[in-house]
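Worksheet: one structure, shown below.
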Amino acid sequence: MTLKSLLLSASFLILLFACNKKESGKIPQQDSSKNAKLKTNTVQEAGEGTPRKESINLFTVMPKDSSDIAFVSLSDIYPINDEKDTLALPNLKKMVEADAQYFTFAKNYRKRFLSKTHISENDSLFVYDYAKNKLASFLIKNLKTAAMLNVYSIGESEPYSNFDFMIGFEINKKNLTGFSEYYRDALVYVGKENPFSKEPLKPILWKKIAKKDYPSKTMKNEDRTVLKNSLTGNTYFYETKSHQYFLQDYLDSYKTIYARRLLVVDTKTKEIIIEKLYSQSEGTSPAPLNYENGDDAIEQYTGKLFKNKPDVVFGFLYESFGCPSISIIDKSNEEIYLQCDNRH
């Protein structure tokens with residue numbers, strides 16, 4: 001599942017862009033001026049088998065085949081790789097294949113799961129669809145805990161291992177009526193209070209601008225390395241009351257989109273707040289811009305997603321092997337990666 005998202009006065013534009021070098025189709029040279037530098041924080045990767053720690057754990061929801069069940073996997077924060085851990089899952093060798101593919105937990109396994117994930121029976125599970133601006137909440141004590149065989153293990157010969165299963169909560173699909181198809185735009189949080197602001201996010205409506213109007217900003221060395229053989233393509237702009245979003249395309253030798261560079265500027269102070277590069281790799285590819293594939297094809301969103309955090313922007317990259325992230329628009333350079341249980 002992918003997460004879909006988006007983001008990105010006259011006198012200022014003249015001053016800001018006057019120093020911008022004209023682009024000849026090649027990557028711009030670095031600007032050594034102090035004002036052009038932007039400090040960024042490195043996102044620390046968790047070690048293999050270690051749950052990734054985020055400032056807020058967000059999960060995804062998926063339909064369970066054609067049944068009336070929707071499933072929320074929390075396996076990213078509940079690793080069960082130890083086959084000797086008899087309290088994580090029941091003895092799979094004693095289960096017939098049909099029963100092993102999906103089963104709910106007995107009390108002792110549920111208790112262990114809640115304890116290890118620091119979830120209380122009095123907590124709630126919140127499902128928020130940012131495209132529909134729709135929220136549903138469920139008391140944990142009213143939800144069943146279940147194990148579902150992940151799609152890559154279906155059809156494999158038994159016995160199954162603990163790692164073959166996703167562990168989480170089941171929700172009756174009728175309680176998610178009106179949500180996006182396959183719940184593709186839904187985020188899930190488990191805790192005591194709803195963290196979502198419920199202020200409607202804005203789909204970014206990109207407008208083409210001249211390349212000379214893209215702000216002058218030192219490009220990080222690692223980004224220059226990624227883009228060394230690319231050519232500049234179209235340049236785009238979007239503006240809200242609080243932010244201006246500038247997006248630059250980079251093309252490969254076949255003139256297809258290889259990468260995009262995003263700069264978000266504070267509308268009042270004219271300061272560049274965040275800089276992001278979204279590039280092609282073995283497991284990633286730049287997402288199409290909004291409405292390129294139809295009136296309902298929306299990828300990039302921006303706005304007030306969380307009650308207690310700054311605005312966000314997301315939806316620029318497709319992930320094959322990892323999980324999509326949400327960028328916080330402030331100097332922390334925080335990326336919130338979804339706990340999407342991607343088993344590739």
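Tabulated results
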quantity	calculated
Of all residues making up the range 320-332, the number that are farther than 25 Å from Asn150 by Cβ, of a type outside the set (Gly, Ala, Ser) and surrounded by 18 or more Cβ atoms within 10 Å (Cβ to Cβ)	2
First in the range 216-233 and closer than 21 Å to Ile273 by Cβ, second anywhere and modelled with pLDDT of 95 or more and open to solvent by 20 Å² or more (accessible area, probe 1.4 Å), Cβ under 9 Å, 6 or more apart	Lys217/Ile272; Met219/Leu277; Lys220/Leu277; Glu222/Leu277; Asp223/Leu277; Asp223/Ser279
Criterion: over 19 Å from the mean Cα position of the chain (by Cα) and closer than 26 Å to Arg343 by Cα - qualifying residue of Tyr152, Tyr128, Tyr183	Tyr152
Qualifying residue in the range 300-319 (condition: open to solvent by 30 Å² or more (accessible area, probe 1.4 Å), closer than 24 Å to Arg224 by Cα and either modelled with pLDDT under 95 or not hydrophobic (A, V, I, L, M, F, W, C) (or both))	yes
Considering residues of the range 253-275 that are open to solvent by 10 Å² or more (accessible area, probe 1.4 Å) and acidic (Asp, Glu) only, the residue farthest from Lys207 (Cα to Cα)	Glu271
Some residue of the range 143-166 being modelled with pLDDT of 95 or more and closer than 30 Å to Leu262 by Cα	no
Of residues in the range 290-338 being closer than 16 Å to Leu201 by Cα and of a type in the set (A, V, I, L, M), the one farthest from the chain's Cα centre (by Cα)	Ala297
Elements of type strands (runs of 3 or more DSSP E) contained in the range 74-187, each with 3 or more residues being crowded, with 18+ Cβ neighbours inside 10 Å	124-129, 144-149, 165-172
Boolean, Thr240 is open to solvent by less than 40 Å² (accessible area, probe 1.4 Å), of a type in the set (S, T, N, Q) and in contact with a Lys or Arg (Cβ under 6 Å, 6 or more places away or on another chain)	no
Any hit, the range 215-227, residues being open to solvent by less than 80 Å² (accessible area, probe 1.4 Å), acidic (Asp, Glu) and more than 30 Å from Leu125 (Cβ to Cβ)	yes
Evaluation of Asp295 against (1) open to solvent by 30 Å² or more (accessible area, probe 1.4 Å); (2) in contact with an Asp or Glu (Cβ under 9 Å, 6 or more places away or on another chain); (3) not aromatic (Phe, Trp, Tyr) (one fails), failing number	(2)
Test result for Tyr250, open to solvent by 50 Å² or more (accessible area, probe 1.4 Å), farther than 20 Å from Leu187 by Cβ and assigned to a strand (DSSP E or B)	no
Cross-chain or 6+ apart pairs with Cβ under 8 Å, the range 185-204 first and polar (S, T, N, Q), then modelled with pLDDT under 95	none
Residue in the range 71-81 that is charged (D, E, K, R) and farther than 29 Å from Tyr337 by Cβ present	no
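The values are calculated or read from the model by the stated rules, or taken from the named source; none is laboratory data. The structure displayed is predicted, hence computed values, not measured ones. A quick note on method: Cβ atoms are made from the backbone with ideal geometry, for glycine too, and the neighbour counts reach across all protein chains shown. Surface areas here come from the heavy atoms of the whole protein model, side chains and all, with no ligands, DNA or RNA. Shrake-Rupley method; radii C 1.70, N 1.55, O 1.52, S 1.80 Å.
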